[in-house]
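Peer 1: First the structure, which I've put down as structure tokens, then a few questions once you've had a look.
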Ligand SMILES: Cc1ncc(COP(=O)(O)O)c(C=O)c1O
């Protein structure tokens, strides 16, 4: 694979007549840590680092000495088809931090830098901008650190407006929001709650917190989300068993909405409310309507790995003002409106602080950019790996606009995704398996699972073949290319085994 993004910046290149002084200037301008001296045909003659230049000055050369007069060895270089991890291994071997890429004629066409390709690439890291500090500073300046305060009120209003839902309550986590959603819907001991099986455990744990019984519903291949056919079967079966579902937890997985045009009429027919777990789907939409507003209650997470973060936090949204006001009360120890501390219900300490809401406001102001960046990352993977038949991308189905929180794919039959994760981990690239479905978790061994009626288990198939690639909105193009290189090499090896 070539290295289109590792081009050589003009500031890095020096003409044959360049002097030591010109080389210092080039190093300062380019910030690449290396200046490349060319001959009259544009071929690489020598590579100078800051240290090289200082050594020749200390040896008595003048700053105006032409570089061509200095003695030098032929610099190490590689051809464009050398992969990032191979280049890194060569840099380790030669103990260098820059490695020029030369074409057949010996002309520089790129420059590998250790600082770009030698650092760990994470799955999804926080992407902090400049706006966050302004809001946080306001909180400090007004001594309004905690709890609650103007940033919390504003963040709630801004999220509600963004997702086109009437009201929002800022909470300490997405898990807290799911817990409160269940309580607000009156779910308690012995009640049955249907839940997408292909999800993170935080969608299902709160069902256990309230003593209810989860029943897991399979995914469909077209969206990776809850299968409407399986949902209908699960609702029917629950009614038949005399255990009608009290709520359905529909998860918008990996930043893509479930198929609500098919799911909502089914739930309406059974009179069951939807809790939309949109923890991963802020900024995504379905039929032009933002995720989070498709159920009676919607939930977001601002955990550090999400599309926007408050370092840790969550939001509960609903059109029903009383419901959201009740959520705020439950989240502040359920204190009654009374001059002293009066309590009638069990309360929780689930509110978000004014400082963290400040981070959230700054982050939210960049949501569209973050979505665009994650979608562009998906596109780059998609294009760069288009030749690899063994990769099938998570589909973005008609009507859905995914935020591509994580770029996810499945691998062809016979390729072990864990081996690929392990391979890439050795190259300091964090790649993760797709969520292991809840019905396969020991924690839920006694819970039921309902599929679409055939022998298929779509959620398990996605787990057994799925991979999540690094997708943080602050990734550089070089990092994406490094992942592509490493992944295609790992898949090449897997194909041969
Ligand atoms: C689908 C899903 N639901 C719920 C959560 C829980 O959110 P939090 O980590 O903010 O508690 C997460 C993420 O962590 C998630 O991915």
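Peer 1: How many residues are outside any loop (DSSP other than H, G, I, E, B), at pLDDT 95 or above and farther than 26 Å from residue 375 by Cβ if we restrict to region 423-446?
Peer 2: So the count comes out to 6.
Peer 1: Do we have residue 169 as surrounded by 22 or more Cβ atoms within 10 Å (Cβ to Cβ), outside any helix (DSSP H, G or I) and not assigned by TED's automatic domain parsing to the domain that holds residue 433 here?
Peer 2: For residue 169, the condition - surrounded by 22 or more Cβ atoms within 10 Å (Cβ to Cβ), outside any helix (DSSP H, G or I) and not assigned by TED's automatic domain parsing to the domain that holds residue 433 - is met.
Peer 1: Can you tell me which of 318, 334 is under 19 Å from residue 158 (Cβ atoms) and away from the ligand (no atom under 15 Å from the Cβ)?
Peer 2: The conditions single out 318.
Peer 1: So, residue 33, is that one within 24 Å of residue 103 (Cβ to Cβ), out of contact with any helix residue (DSSP H, G or I) (no Cβ under 9 Å at 6 or more places or on another chain) and either free of Cβ contacts under 8 Å to residues at least 40 places away in the same chain or outside the structural domain of residue 429 (by TED's automatic domain parsing) (or both) or not?
Peer 2: Answer is no for this residue.
Peer 1: Anything in region 11-24 that is closer than 21 Å to residue 115 by Cβ and either part of a helix (DSSP H, G or I) or out of contact with any strand residue (DSSP E or B) (no Cβ under 8 Å at 6 or more places or on another chain) (or both)? List them, or say none.
Peer 2: 11, 12, 23, 24, listed by residue number.
Peer 1: Please work out which residue is surrounded by the fewest Cβ atoms within 10 Å (Cβ to Cβ), limiting yourself to region 438-452 and to residues that are touching a strand residue (DSSP E or B) at 6+ places or on another chain (Cβ under 7 Å) and closer than 18 Å to residue 464 by Cα.
Peer 2: 449
Peer 1: Please go through region 199-217 and give me each residue that is in contact with a strand residue (DSSP E or B) (Cβ under 7 Å, 6 or more places away or on another chain) and touching a residue at least 40 places away in the same chain (Cβ under 8 Å), ordered by number.
Peer 2: Residues satisfying the conditions are 199, 203, 204, 207, 213, 214, 215, 216, 217.
Peer 1: With respect to the numbered conditions (1) over 30 Å from residue 485 (Cα atoms); (2) in contact with a helix residue (DSSP H, G or I) (Cβ under 9 Å, 6 or more places away or on another chain), which one is the sole condition not fulfilled by residue 82?
Peer 2: Every listed condition holds for residue 82 apart from (1).
Peer 1: For region 43-69, how many residues are touching a residue at least 40 places away in the same chain (Cβ under 8 Å) and not in a helix (DSSP H, G or I)?
Peer 2: 10
Peer 1: Identify the single condition in (1) more than 12 Å from residue 100 (Cβ to Cβ); (2) not in a loop (DSSP other than H, G, I, E, B) that residue 40 does not satisfy, given that it satisfies every other one.
Peer 2: Residue 40 satisfies all of (1) more than 12 Å from residue 100 (Cβ to Cβ); (2) not in a loop (DSSP other than H, G, I, E, B) except (2).
Peer 1: Within region 340-352, is there a residue that is more than 16 Å from the ligand (Cβ to nearest atom), over 23 Å from residue 134 (Cα atoms) and surrounded by 14 or more Cβ atoms within 10 Å (Cβ to Cβ)?
Peer 2: Yes, the conditions are met somewhere in region 340-352.
Peer 1: I want to confirm something. Restricting to region 292-315 and keeping residues that are out of contact with any helix residue (DSSP H, G or I) (no Cβ under 7 Å at 6 or more places or on another chain) and over 20 Å from residue 367 (Cβ atoms), which single residue is farthest from the ligand (Cβ to nearest atom)?
Peer 2: 296
Peer 1: Related question: Of everything in region 252-276 that's in contact (Cβ under 8 Å) with a residue 40 or more places away in the chain and more than 17 Å from residue 192 (Cα to Cα), which residue is farthest from the ligand (Cβ to nearest atom)?
Peer 2: Checked region 252-276; the qualifying residue farthest from the ligand (Cβ to nearest atom) is 261.
Peer 1: Just checking, which of 198, 194, 182 is part of a loop (DSSP other than H, G, I, E, B) and at pLDDT 85 or above?
Peer 2: Answer to the selection: 198.
The values are calculated or read from the model by the stated rules, or taken from the named source; none is laboratory data. Just so it is clear, the model here is predicted, and its values are computed rather than measured. Reconstructed Cβ throughout: ideal geometry from the backbone, glycine too, with neighbour counts over all protein chains shown.
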